[in-house]
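**Q** Handing you this structure, nothing more for now.
The values are calculated or read from the model by the stated rules, or taken from the named source; none is laboratory data. Everything numeric here is computed off the predicted structure, so don't read it as measured data. Note that we place each Cβ from the backbone using ideal geometry, even for glycine, and neighbour counts take in every protein chain shown. Each accessible area value is taken on the protein alone, full model and side chains, heavy atoms only, with ligands, DNA and RNA left out. Shrake-Rupley method; radii C 1.70, N 1.55, O 1.52, S 1.80 Å.
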Amino acid sequence: MTDDLRRLVYYSRNRTAGAPEAVDGTIRGILETSRVNNARVGVTGALMFNAGCFAQVLEGPTSAVEATFERIQQDERHGDVALLAYDVVENRLFTDWSMAYVGASQAEVARYGDLADSSGFDIARMTGDRLCAVLHGLALEEEAAAAA
Ligand SMILES: Cc1cc2nc3c(=O)[nH]c(=O)nc-3n(C[C@H](O)[C@H](O)[C@H](O)COP(=O)(O)O)c2cc1C
């Protein structure tokens, strides 16, 4: 059986209620778990949390991406999981990140002008490729800002 390199992109609705600090704590926990688990199985990617939605890119060997996504889908901290892309790819985009985090503010996302309209950032209108490109751009920016 081949274990091709895959890239999966989805978005979902946040089901975590509570004060901003509690939500921050939840996201920190998700990232810590993700970074440990993903590094172990060769999954890389990025997670965005914005306006009540999550968006995530997972890339790695098919078997590892599928097992990870199965677990994620069952997680009750989010729901209405919508798959945007699941493709065999030649190369990884997020080579250096077991799980990059981009907590994109409205202002950051607005800079990607064609992705935002007057009602704000509409994740449901994006293609997998677009969403992946946005997350990659934001991950690079956050890395540059952290290194400055
Ligand atoms: C939006 C979201 C994204 C997640 N992303 C990942 C991920 O990339 N990798 C991962 O292992 N778990 C991820 N999780 C957590 C899993 O759903 C699950 O809780 C975790 O994998 C269980 O790991 P453990 O058995 O080591 O505690 C995510 C959860 C949510 C809500």
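**Q** Among Gly79, Ala124, Val57, pick out the residue whose Cα is farthest towards the positive end of the charge dipole of the chain, where Lys and Arg carry +1 and Asp and Glu carry -1 on C-beta, about the Cα centre.
**A** Of Gly79, Ala124, Val57, it is Gly79.
**Q** Quick one: dipole size for region 5-147, taken about the Cα centre, charges +1 on Lys/Arg Cβ and -1 on Asp/Glu Cβ, in debye to the nearest 20.
**A** Details: 13 positive and 20 negative charges, 53 e Å.
Roughly 260 debye, rounded to the nearest 20.
**Q** Please list, ordered by chain and number, the residues whose modelled amide H lies under 5 Å from the amide H of Cys53; skip anything fewer than 5 residues away on the same chain.
**A** Result for Cys53 returns Asn14.
**Q** Only four residue types carry charge here, +1 at the Cβ of Lys and Arg and -1 at the Cβ of Asp and Glu. Report the dipole size of region 1-86 about the Cα centre in Debye, rounded to the nearest 20. Could the numbers behind the result be given before it?
**A** Numbers: 9 positive and 11 negative charges, 20 e Å.
For this selection, approximately 100 debye.
**Q** Would you mind calculating the relative contact order of the chain from Cα pairs under 8 angstrom and at least 6 residues apart, reporting the percent as a whole number?
**A** Working: 224 pairs, mean separation 50.0, N = 148.
Relative contact order, the chain: 34 percent.
**Q** Pop out the Kirkwood hydrodynamic radius of the chain from its pairwise C-alpha distances, inverse of mean 1/r, in Å to one decimal. List each step's numbers first, then the result.
**A** Numbers: mean 1/r = 0.0641 Å⁻¹.
Kirkwood hydrodynamic radius for the chain: 15.6 Å.
**Q** How large are Rg and Dmax for region 3-75 when calculated on the C-alpha trace, in angstrom?
**A** Taking only Cα atoms of region 3-75, I get Rg and Dmax of 12.6, 42 Å.
**Q** Would you work out which of Ala145, Asn14, Val88 lies farthest towards the positive end of the dipole of the chain, given +1 charges on the beta-carbon of Lys and Arg and -1 on that of Asp and Glu, about the Cα centre?
**A** So the residue furthest toward the plus end is Asn14.
**Q** On the full set of protein chains, 1.4 Å probe, figure out the accessible area of Glu143 and give it in Å² to the nearest 10.
**A** Here the accessible area works out near 90 Å².
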